[in-house]
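Please treat every number below as a calculation from the coordinates, not as lab data. Predicted, not measured: the structure shown is a model, and the values here were computed from it. Glycine gets a Cβ as well: all are built from the backbone with ideal geometry, and neighbour counts include every protein chain shown.
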Amino acid sequence: MNQSRTRMTRTRKQKRIPGRIKNIDYKDPKQLRRFVTERGKIVPSRISGASALCQRRLAKAVKRARHIGLLPFIEETYK
């Protein structure tokens, strides 16, 4: 009855993002749109391939761009 349960874990594939994430800037909405869904949500790091530190920087940049009006909070089709 004592079955050893093993977890099936997927190996995470690190996506290399051209232009390096560390150079992310809130004043560049074209680059930030790659990390935002069409509904306006920030893409999680498991999908974008960003490290935890880069994901925090990315989230802060997206929020700043939204606040000053460079990125919309939601797209026009969902209003």
*Fewest Cβ neighbours within 10 Å first, please rank Val43, Val62 accordingly.*
Val43, Val62
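With Kirkwood's inverse mean 1/r over C-alpha pairs for Rh, give me the Rg to Rh ratio of the stretch 21-78, two decimals please.
Numbers: Rg = 10.7 Å, Rh = 11.4 Å.
Radius of gyration over Kirkwood radius for the stretch 21-78 works out to 0.94.
Among Phe35, Phe73, what is the fewest-to-most ranking by other Cβ atoms within 10 Å? Before the final figure, lay out each step's value.
Working: Phe35 22, Phe73 10.
The most exposed by this proxy come first: Phe73, Phe35.
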*DSSP-assigned coil residues among GluC sites (Glu not before Pro) in the stretch 29-79, each with at most 10 further Cβ atoms within 10 Å*: Glu38
